[in-house]
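The values are calculated or read from the model by the stated rules, or taken from the named source; none is laboratory data. All values reported here derive from a predicted model rather than from experimental measurement. Methodologically, a virtual Cβ is constructed for each residue, glycine included, from the backbone with ideal geometry; neighbour enumeration extends over all protein chains shown.
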Amino acid sequence: MRIEASKEFDEDDIDTFLGGLEERHGDLAGLIKRAETDMSMDPRLRDDRLIWSALLSSSPGLDGELMLGLRKEITFEDPKVLNMITGRRIELLSDVLEDPDPSIKDLAERLERDYKNTYDDVKALLDLGLISVVKSGRARTVRAEVDELHIQL
(Lines give C-alpha, C1' and ligand atoms only; values in the text may rest on other atoms or scores of the structure.)
Protein backbone atom coordinates (compact mmCIF):
# COMPACT_ATOMS: atom_id res chain seq x y z
CA MET A 1 0.00 0.00 0.00
CA ARG A 2 1.17 3.48 -0.84
CA ILE A 3 -0.31 6.90 -0.06
CA GLU A 4 0.97 9.90 -1.98
CA ALA A 5 0.10 13.51 -1.29
CA SER A 6 1.38 16.45 -3.30
CA LYS A 7 1.01 20.17 -3.84
CA GLU A 8 1.95 22.33 -6.81
CA PHE A 9 3.31 25.66 -5.57
CA ASP A 10 2.16 28.77 -7.40
CA GLU A 11 3.60 32.27 -7.11
CA ASP A 12 1.29 33.20 -4.20
CA ASP A 13 2.37 30.10 -2.24
CA ILE A 14 6.03 30.94 -2.77
CA ASP A 15 5.50 34.61 -1.84
CA THR A 16 3.72 33.53 1.36
CA PHE A 17 6.49 31.06 2.21
CA LEU A 18 9.24 33.61 1.52
CA GLY A 19 7.35 36.14 3.66
CA GLY A 20 7.39 33.64 6.53
CA LEU A 21 11.12 33.07 6.08
CA GLU A 22 11.76 36.82 6.06
CA GLU A 23 9.62 37.23 9.19
CA ARG A 24 11.58 34.50 11.00
CA HIS A 25 15.08 35.32 9.75
CA GLY A 26 15.17 38.87 8.35
CA ASP A 27 16.93 38.19 5.05
CA LEU A 28 18.74 35.33 3.33
CA ALA A 29 22.20 36.71 4.14
CA GLY A 30 21.32 36.86 7.84
CA LEU A 31 19.95 33.32 7.76
CA ILE A 32 23.08 32.02 6.04
CA LYS A 33 25.28 33.72 8.65
CA ARG A 34 23.18 32.31 11.54
CA ALA A 35 23.20 28.82 10.00
CA GLU A 36 26.98 28.92 9.60
CA THR A 37 27.62 30.14 13.16
CA ASP A 38 25.01 27.96 14.90
CA MET A 39 27.12 25.24 16.53
CA SER A 40 24.16 22.92 17.09
CA MET A 41 23.35 23.21 13.37
CA ASP A 42 19.64 23.41 14.05
CA PRO A 43 18.06 21.38 11.21
CA ARG A 44 15.32 24.01 10.82
CA LEU A 45 17.93 26.68 10.09
CA ARG A 46 19.64 24.40 7.59
CA ASP A 47 16.34 23.47 5.93
CA ASP A 48 15.15 27.08 5.76
CA ARG A 49 18.47 28.12 4.22
CA LEU A 50 18.35 25.37 1.59
CA ILE A 51 14.72 26.01 0.71
CA TRP A 52 15.17 29.78 0.52
CA SER A 53 18.24 29.41 -1.68
CA ALA A 54 16.42 26.92 -3.92
CA LEU A 55 13.41 29.21 -4.31
CA LEU A 56 15.54 32.10 -5.48
CA SER A 57 17.34 31.38 -8.70
CA SER A 58 21.01 32.34 -8.80
CA SER A 59 21.43 31.83 -12.57
CA PRO A 60 22.96 34.76 -14.48
CA GLY A 61 20.19 37.06 -15.68
CA LEU A 62 17.68 35.56 -13.28
CA ASP A 63 18.97 36.95 -9.99
CA GLY A 64 16.17 37.11 -7.48
CA GLU A 65 13.48 35.70 -9.77
CA LEU A 66 11.26 33.05 -8.26
CA MET A 67 11.48 29.52 -9.56
CA LEU A 68 7.95 28.31 -10.31
CA GLY A 69 6.71 24.82 -11.04
CA LEU A 70 7.91 23.47 -7.69
CA ARG A 71 6.06 20.48 -6.29
CA LYS A 72 5.99 19.14 -2.73
CA GLU A 73 5.45 15.38 -2.41
CA ILE A 74 4.81 13.27 0.67
CA THR A 75 4.76 9.47 0.42
CA PHE A 76 3.62 7.03 3.09
CA GLU A 77 4.27 3.32 2.70
CA ASP A 78 3.30 2.28 6.23
CA PRO A 79 -0.13 0.59 6.17
CA LYS A 80 -0.87 2.07 9.62
CA VAL A 81 -1.11 5.51 7.99
CA LEU A 82 -4.26 4.40 6.14
CA ASN A 83 -5.97 4.07 9.54
CA MET A 84 -5.12 7.72 10.20
CA ILE A 85 -6.63 8.95 6.92
CA THR A 86 -10.32 8.45 7.63
CA GLY A 87 -13.28 9.60 5.59
CA ARG A 88 -13.95 12.44 8.05
CA ARG A 89 -10.34 13.62 7.79
CA ILE A 90 -10.49 13.56 4.00
CA GLU A 91 -13.73 15.58 4.24
CA LEU A 92 -11.95 18.08 6.51
CA LEU A 93 -8.98 18.35 4.13
CA SER A 94 -11.35 18.86 1.17
CA ASP A 95 -13.16 21.62 3.04
CA VAL A 96 -9.89 23.42 3.78
CA LEU A 97 -8.92 23.17 0.10
CA GLU A 98 -12.25 24.63 -1.01
CA ASP A 99 -12.33 27.46 1.53
CA PRO A 100 -8.77 28.15 2.75
CA ASP A 101 -7.62 29.36 6.16
CA PRO A 102 -10.60 28.56 8.40
CA SER A 103 -10.27 28.40 12.16
CA ILE A 104 -10.81 25.02 13.82
CA LYS A 105 -14.08 26.39 15.21
CA ASP A 106 -15.19 27.44 11.70
CA LEU A 107 -14.32 23.98 10.39
CA ALA A 108 -16.32 22.28 13.12
CA GLU A 109 -19.34 24.48 12.37
CA ARG A 110 -19.11 24.06 8.58
CA LEU A 111 -18.75 20.29 8.87
CA GLU A 112 -21.41 20.13 11.61
CA ARG A 113 -19.04 18.32 13.93
CA ASP A 114 -18.01 18.50 17.55
CA TYR A 115 -15.08 20.90 18.17
CA LYS A 116 -12.97 18.28 20.02
CA ASN A 117 -13.32 15.69 17.23
CA THR A 118 -12.47 18.34 14.65
CA TYR A 119 -9.46 19.40 16.72
CA ASP A 120 -8.30 15.76 16.98
CA ASP A 121 -8.60 15.35 13.21
CA VAL A 122 -6.68 18.58 12.59
CA LYS A 123 -3.94 17.31 14.93
CA ALA A 124 -3.75 13.96 13.11
CA LEU A 125 -3.52 15.62 9.67
CA LEU A 126 -0.96 18.06 11.08
CA ASP A 127 1.16 15.15 12.36
CA LEU A 128 1.08 13.65 8.83
CA GLY A 129 2.14 16.97 7.27
CA LEU A 130 -1.02 17.25 5.18
CA ILE A 131 -2.09 20.54 6.80
CA SER A 132 -0.47 23.29 8.83
CA VAL A 133 -1.86 25.49 11.57
CA VAL A 134 -0.93 29.15 11.30
CA LYS A 135 -1.00 31.18 14.52
CA SER A 136 -1.75 34.89 14.44
CA GLY A 137 -2.16 36.21 17.97
CA ARG A 138 -4.79 34.05 19.62
CA ALA A 139 -6.31 32.96 16.30
CA ARG A 140 -5.25 29.76 14.59
CA THR A 141 -6.15 28.98 11.01
CA VAL A 142 -5.80 25.73 9.11
CA ARG A 143 -4.01 25.60 5.77
CA ALA A 144 -3.76 22.63 3.38
CA GLU A 145 -0.19 21.60 2.62
CA VAL A 146 -1.27 19.31 -0.23
CA ASP A 147 -3.77 19.61 -3.04
CA GLU A 148 -3.79 15.97 -4.18
CA LEU A 149 -4.09 12.69 -2.30
CA HIS A 150 -3.69 9.27 -3.99
CA ILE A 151 -4.16 5.93 -2.23
CA GLN A 152 -2.85 2.81 -3.99
CA LEU A 153 -3.74 -0.58 -2.55
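Kindly check whether there is at least one residue in segment 86-98 that is small (Gly, Ala, Ser), at pLDDT 80 or above and under 21 Å from Leu128 (Cα atoms).
Checked segment 86-98: at least one residue is small (Gly, Ala, Ser), at pLDDT 80 or above and under 21 Å from Leu128 (Cα atoms).
At pLDDT 85 or above, farther than 21 Å from Asp13 by Cβ and among the aliphatic types (A, V, I, L, M) - does that describe any residue in segment 125-145?
No, segment 125-145 contains no residue that is at pLDDT 85 or above, farther than 21 Å from Asp13 by Cβ and among the aliphatic types (A, V, I, L, M).
Which of the residues that make up segment 1-15 are in a helix (DSSP H, G or I) and surrounded by 14 or more Cβ atoms within 10 Å (Cβ to Cβ)?
Asp13, Ile14
Look through segment 67-119, keep the residues that are polar (S, T, N, Q) and not in a loop (DSSP other than H, G, I, E, B), and return whichever of them is surrounded by the fewest Cβ atoms within 10 Å (Cβ to Cβ).
The qualifying residue surrounded by the fewest Cβ atoms within 10 Å (Cβ to Cβ) is Asn83.
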